[in-house]
1. Given H placed 1.01 Å from N in the peptide plane, which residues other than close sequence neighbours of Ser107 have an amide H under 5 Å from its amide H?
2. In whole angstrom, how far apart do the alpha carbon centroids of region 155-175 and region 23-79 sit?
3. Among 156-163, 191-198, 66-73, what's the highest-first ranking by average C-beta atoms within 10 angstrom per residue?
4. Could you work out how much longer the chain between Glu165 and Glu228 gets when fully extended? Use 0.36 nm per residue separation minus the Cα distance between them, nm to one decimal.
5. Using alpha carbon coordinates only, what is the Rg to Rh ratio of region 152-198, with Rh defined as the Kirkwood radius?
6. Between Arg213 and Asp183, what FRET efficiency comes out of the Förster formula 1/(1 + (r/R0)^6) with R0 = 30 Å and r the beta carbon distance, rounded to 0.05?
7. Dipole magnitude of the chain about its Cα centre, charges +1 at Lys/Arg Cβ and -1 at Asp/Glu Cβ only, in debye to the nearest 20?
8. Determine the relative contact order of region 2-254: mean sequence separation of Cα pairs under 8 Å and six or more apart, normalised by residue count, in whole percent.
Amino acid sequence: MKKSLDKANLPEVSKKQALERHKSLIELGSSKTPLLSLLCTEAIAAGVQQIIVVTSADHQDFLLWRESFENAYPTVTIDFAIQPEPLGTADAVYQAVEQFPMLQKSSFIIANGDNLYSQNAFKKAMTHQETPHAIISYEAKHLGFDESRIAAFALVKVDRNNFVEGIIEKPPIHTHKNFYDKDGYLRVSMNLNLVEGGSFYKALQACPVHPTRGEKELPEAIRIAIKEQPKSVYCHLVFEQLPDLTSAQDLQQFS
């Protein structure tokens, strides 16, 4: 986000916060509520009671945020897992599972801290039981992004019964036609997933660093899980817009 600030048409106070804070802690809109608070509120409304936030070692701002948020939600437990290096989403989840071994014995939801998933989307993840793992995908047209923005995410390919056959990070636009499902929908993964900790931990351990992007990517861990156990990942589809804080200009949608 910081790299896009120069081109963003934003008030100076918003630019200052974007420079000084993690983007999930920027105060949004007239209520000045951080995205992380909004996100956790939706998760709690869906039934989530324990939250693990993955941060860097320098996370004093997150500690202050937790103190404030727990005052409003005293029955919810919020812990932190430390990611020593910014090695991608799969590594972030791996660090959480390593530091909280009970995750290896339970199912849990993975969510990005810069997307505002709805209670409905969280509920789909919470109630999934058909397979060990699930992706909550978003129908491309309802996301409200143009093709170039869609190409920055991962696309999901499913069979006729909605089992995941493949997931590709940042596919070129000319390949998108290969991902439409039987009903003509293009399914976009926004990193909202339910996983069974024991088997997915093995996929996280085996996940390599991408040779050009230098990160361990969650779609690659999902591909490994499918290779190990075909039809173990089901894909739900939601028809919703998803507020997202990829770039500084995205802050305007919360004003």
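1. Hits under the 5 Å cutoff: Gly197.
2. 32 Å
3. Details: 156-163: 16.1, 191-198: 22.0, 66-73: 13.0.
Sorting 156-163, 191-198, 66-73 by mean packing, highest first, produces 191-198, 156-163, 66-73.
4. On the way: separation 63, 0.36 × 63 = 22.68 nm, distance 1.24 nm.
Between Glu165 and Glu228, full extension yields 21.4 nm more.
5. On the way: Rg = 11.3 Å, Rh = 11.4 Å.
Expressed as Rg/Rh, it is 0.99.
6. On the way: r = 32 Å, r/R0 = 1.05.
It comes to 0.40.
7. Numbers: 26 positive and 31 negative charges, 94 e Å.
So the dipole magnitude of the chain works out to roughly 440 debye.
8. Working: 431 pairs, mean separation 63.5, N = 253.
The value is 25 percent.
The numbers here are math on the coordinates, done by the rules we state, and not lab data. For clarity, every value in this text was computed on a predicted model and none was experimentally measured. Here Cβ is always computed from backbone atoms with ideal geometry, including for glycine, and neighbour counts include all displayed protein chains.
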